[in-house]
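Below is one structure, written out as structure tokens; comments come after it.
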Amino acid sequence: MKLRVLVATRLFPPEVGAAAFRLEALVSGLREAGASVRVLTTQPPKETPATARRPDVSRWPVLRDAGGNVRGYVQYMSFDVPLFFRLLLSRADVVVSEPPPTTGVMVALSSILRRRPYVYYAADVWTDALVAIQAPRWVIGCMRFLEGHALRKASTVIAISDGVADQIAAFDVDPQRLTVVNNGVDTIVFTRDGESAPADYPYFVYTGTMSEWQGAGIFIEAIALVAKEFPEVQLHFFGQGSAETELRQLADDVAPSRVTFGGVVQPAVAARWIRGATAAVVSIVPDQGYDFAKPTKIYAAAACGTPVIYAGGGDCARMVADNGLGLAVEFSAEAVAEKMTLMLRQSDEGRAARSAWVEDHASLRLTGQRAAAVVLRSVT
């Protein structure tokens, strides 16, 4: 008899995002291993391209913010409360929970009532993100309580990096129940072989989430400095996030006509813009408790062969510098502008090596298979 797995996630394709792709890879890995999988998720935004209905994916209508995201406590609960009852009415041998921690708590409570194990798939630590954006103490305290409960009650916790695992260990999670499975990208879509964007000017590209703790405004300030020597240079943003409005205002103030915001695009479109870029830019504001994160946008750029300019410290800086993925710089507009200028002046001969490194170390297909093996071991 096939092992029955439920996956509870507010994000799943056709929605675009690292979490959605990571969970899809997990589902594929589980099916390859012979498991029967059903996904409990949300109805995608209205503007999402239509795709064929899948009988193994159960969707529920939810509240979304102005940007079409399930982001915010009211929006989370519009998914989490119905999810609790959907889980109670669903048969499974094991459940996989994706953050936020409120979803993890609903999975934990329903799993206790149904007497079945669950796996918490931790891409990051939400409490640390709240600390990084200086959320009110009571909000941080509530989230720490919920997140700790979801992590400690899980039969297994999967972390996407050693840094995330270290943060999870601070919640007194049994190390024997914690497994690291590296993050990754789709190396079929994000590859150096393929078309580039039809741009006849040099540009840098930022893809993915725009949050306060990432501090992407530093690249807008830098591009204004670079434009003094390279007047045709541009900076393209693709994605969305809580800091987007602030970034747009900053662009109007310091780099008018130099910065464009393309919104959320399909992965293949993002890959074309990444291939044609002088470099992809990635940042994490240092010393705010989030230095352990490894944004997926680094892997996406390197998979396309494009070098990365990473502003910040921590694990990402070492990963970029040690593996020839690009240049790691201090978190300042002047330092970033210096590296941008350097890359505009010199030729790049490392595309093949970067792409090969991602294939060997950060392929989403392999990540999904490894995560699936961890899930299956949790019930054997």
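What relative contact order, as a whole-number percentage, does the chain give when Cα pairs under 8 Å and 6 or more residues apart are counted? All intermediate terms of the calculation are to be shown ahead of the outcome.
Details: 753 pairs, mean separation 66.0, N = 380.
Reported relative contact order: 17 percent.
For the range 1-65 and the range 311-380, what is the centre-to-centre distance using only Cα atoms, to the nearest Å?
27 Å
Sum up the charges of everything whose Cβ sits under 10 Å from the Cβ of Ser161, counting Lys and Arg as +1 and Asp and Glu as -1, but leave Ser161 out.
Details: positive: Lys294; negative: Asp124, Asp162, Asp166, Asp315.
Net local charge, Ser161 excluded: -3.
Determine the sum of side-chain charges near Pro55: Lys and Arg each +1, Asp and Glu each -1, restricted to other residues whose C-beta is under 14 angstrom from that of Pro55.
Working: positive: Arg31, Arg38, Arg53, Arg54, Arg59; negative: Asp56.
Result for the neighbourhood of Pro55: +4.
Sort 54-62, 290-298 for me by packing, meaning the mean count of neighbouring Cβ atoms within 10 Å per residue, highest on top. Mind dumping the intermediate values first?
Numbers: 54-62: 12.8, 290-298: 22.9.
In decreasing order of mean packing, 54-62, 290-298 become 290-298, 54-62.
Rounded to the nearest 500 deg cm²/dmol, what is the calculated helix-only ellipticity per residue at 222 nm for the chain, with -39500 (n - 2.57) per DSSP H run of length n ≥ 4?
Values: 14 runs with 163 residues, N = 380.
Result for the chain, helices only: -13000 deg cm²/dmol.
Which shape class, rounded, prolate or oblate, goes with the range 120-253 when its Cα gyration tensor gives a ≥ b ≥ c as root eigenvalues, a/c under 1.5 marks rounded, and past that a/b bigger than b/c marks prolate? Mind dumping the intermediate values first?
Values: a/c = 3.53, a/b = 1.72, b/c = 2.05.
Oblate shape, in that a/c is at least 1.5 and b/c is the bigger or equal ratio.
Where does the range 203-361 land on Rg(C-alpha)/(2.2 N^0.38 Å)? Please list the in-between numbers first.
Values: Rg = 14.2 Å, N = 159, 2.2 N^0.38 = 15.1 Å.
With N residues counted in the range 203-361, Rg over 2.2 N^0.38 Å equals 0.94.
Please enumerate, by chain and number, the lysines with C-alpha under 25 Å from the C-alpha of Lys228, excluding those fewer than 8 residues away in the same chain.
Lys339
Test of understanding: in a Gaussian network model of the chain with alpha carbons linked when under 10 Å, which of Phe145, Phe204, Phe12 would top the mean-square fluctuation ranking?
The residue that fluctuates most here is Phe145.
What's the local net charge at Glu229, with K and R +1, D and E -1, over the other residues with C-beta under 15 Å away? Mind dumping the intermediate values first?
On the way: positive: Lys228, Arg258, Lys339, Arg345; negative: Glu232, Glu334, Glu338.
In short, +1.
Rounded to the nearest 0.05, what FRET efficiency do Ala373 and Asp252 have when you use their Cβ-Cβ distance and R0 = 45 Å?
0.35
Given Gly314, Thr341, Phe171, which one lies farthest toward the positive end of the charge dipole of the chain, if we put +1 on the Cβ of every Lys and Arg and -1 on the Cβ of every Asp and Glu?
Working it through, the farthest residue towards the positive pole turns out to be Phe171.
Peptides 66-77, 215-226, 192-203, 239-250: what's the order by average Cβ count within 10 Å, highest mean first? Present the calculation step by step, with values, prior to reporting the outcome.
Working: 66-77: 15.1, 215-226: 22.8, 192-203: 12.6, 239-250: 17.1.
Put in order of decreasing packing, that is 215-226, 239-250, 66-77, 192-203.
No lab work stands behind these numbers, since they all come straight from the coordinates. As the structure is a prediction and not an experimental result, all values here were calculated from the model. Neighbour counts are summed over all protein chains in view; Cβ atoms, including those assigned to glycine, are modelled from backbone coordinates with ideal geometry.
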